[in-house]
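Read the structure below first, then the notes.
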């Protein structure tokens, strides 16, 4: 009997230590990156690019290059663009170059990724004032090093030109003269992928799907983002749970940054609307406005934290 | 233990993660200190995105 019990115990132990049977959900899925074969643009991302390119051309700096950072999902063999971050209004740009990103885009990416932390850097879009529909040799030189840090060691690149043929009589609708091109009116975006080790960009087919540009709401407070990016980004790095939101302010949209406090339902909030910066202390259901003239957003938050710490 | 209700953002993140887990078997990460939800294996670290943005080269 003892031997029988002992054998049963051994069998049970073996069952417990045996590797589970293979199933589709047996192990956490990790993405195996293959070369990008397709770039998927949401309709909103596509609209943003065409609308802002058109507005840029009509503006005072319309002769210069313009650019956007693209965030989205890097899937196995495709990239899905879900957010566009425009180059700053004080960008360094000219007829033959553009610096697309800076601290404003860093803060904007942090805000956009609050809702979906799967979003990653996919690549960039920039325009050429002439009709060069392909990234330049100078682009290749910089991008081939830069893409090494992207998921799959590969990036997505869009080139905007204003050389599409238009039929002025027709209702303007988008066209795809080639699988990697998208035109609307006189504007054209040509899309490419570049992988680590590639000697040149690959024309990459695009497709449209319904979906948002997750960075579109940020346009309403872009001026505030640009103006306070340095300090708000520093605050977000120092205070792990800072949350940003775009809300209706006194006269228009406002950018809120909220720092939760240790007590439940207690928080400090800074509301930025145009040049005005307001501070609030939220305690349970009560909201108190703090008077901190001339304080920058991070400085105001720390002054209030110090004040609250002194009361305990 | 903090039993406060989830914020809207936290709720959305958790729902997305649970959907990914049931649809595609994505791993849910757990905070080893208090077993709270700590994200999914699919999430991209802030530093990775920020470093990529900061280092975008000049385009011509």
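Only one entry of A:32, A:95, A:37 meets the criterion of being more than 11 Å from chain B (Cβ to nearest Cβ), surrounded by fewer than 19 Cβ atoms within 10 Å (Cβ to Cβ), modelled with pLDDT under 95 and over 30 Å from residue A:234 (Cα atoms), and that entry is A:32.
Among the residues of segment A:277-286, the one identified as surrounded by 14 or more Cβ atoms within 10 Å (Cβ to Cβ) and within 14 Å of chain B (Cβ to nearest Cβ) is A:282. Annotation for segment A:128-140: no member residue is in a loop (DSSP other than H, G, I, E, B), modelled with pLDDT of 95 or more and farther than 18 Å from residue A:203 by Cβ. Screening residue A:169 with (1) modelled with pLDDT of 95 or more; (2) surrounded by fewer than 23 Cβ atoms within 10 Å (Cβ to Cβ); (3) over 22 Å from residue A:218 (Cα atoms) gives one miss only, at (1). The selection criterion, being in contact with a strand residue (DSSP E or B) (Cβ under 7 Å, 6 or more places away or on another chain), at the interface with another protein chain (Cβ under 10 Å from one of its Cβ atoms) and part of a loop (DSSP other than H, G, I, E, B), holds for residue A:114. Across segment B:1-27, the number of residues qualifying as more than 22 Å from residue A:258 (Cβ to Cβ) and more than 9 Å from chain A (Cβ to nearest Cβ) comes to 5.
Taking segment A:161-180 as the range and being over 14 Å from residue A:127 (Cα atoms) and either in a strand (DSSP E or B) or within 22 Å of the chain's Cα centre (by Cα) (or both) as the test, only A:175 passes.
Among the residues making up segment A:59-81, those that are closer than 21 Å to residue A:229 by Cβ and in a strand (DSSP E or B) are A:67, A:68, A:69, A:70, A:71.
Does at least one position in segment A:107-118 carry a residue that is within 15 Å of residue A:193 (Cα to Cα) and under 21 Å from the mean Cα position of the chain (by Cα)? For segment A:107-118, residues within 15 Å of residue A:193 (Cα to Cα) and under 21 Å from the mean Cα position of the chain (by Cα): absent. Restricting A:75, A:105 to those that are surrounded by fewer than 18 Cβ atoms within 10 Å (Cβ to Cβ), within 11 Å of chain B (Cβ to nearest Cβ) and under 30 Å from residue B:9 (Cα atoms) reduces the list to A:75.
Return a yes/no flag: does segment B:8-28 have any residue that is assigned to a loop (DSSP other than H, G, I, E, B) and within 24 Å of residue A:238 (Cα to Cα).
no
Taking the criterion of being more than 7 Å from chain A (Cβ to nearest Cβ) and either over 18 Å from residue A:120 (Cβ atoms) or assigned to a loop (DSSP other than H, G, I, E, B) (or both), the residues of segment B:29-51 that qualify are B:30, B:31, B:32, B:33, B:34, B:35, B:36, B:37, B:38, B:45. Within segment A:120-132, if we keep just the residues that are buried (at least 19 other Cβ atoms within 10 Å of the Cβ) and more than 7 Å from chain B (Cβ to nearest Cβ), the residue that is nearest to residue B:46 (Cα to Cα) turns out to be A:122. If I filter segment A:91-105 for residues that are under 10 Å from the mean Cα position of the chain (by Cα), farther than 28 Å from residue A:162 by Cα and in contact (Cβ under 8 Å) with a residue 60 or more places away in the chain, do I get at least one hit? No, the conditions are met nowhere in segment A:91-105.
The values are calculated or read from the model by the stated rules, or taken from the named source; none is laboratory data. Every value quoted in this text rests on a predicted model; they were computed, and no experiment measured them. Neighbour counts run over all protein chains shown; Cβ positions are idealised from the backbone, glycine included.
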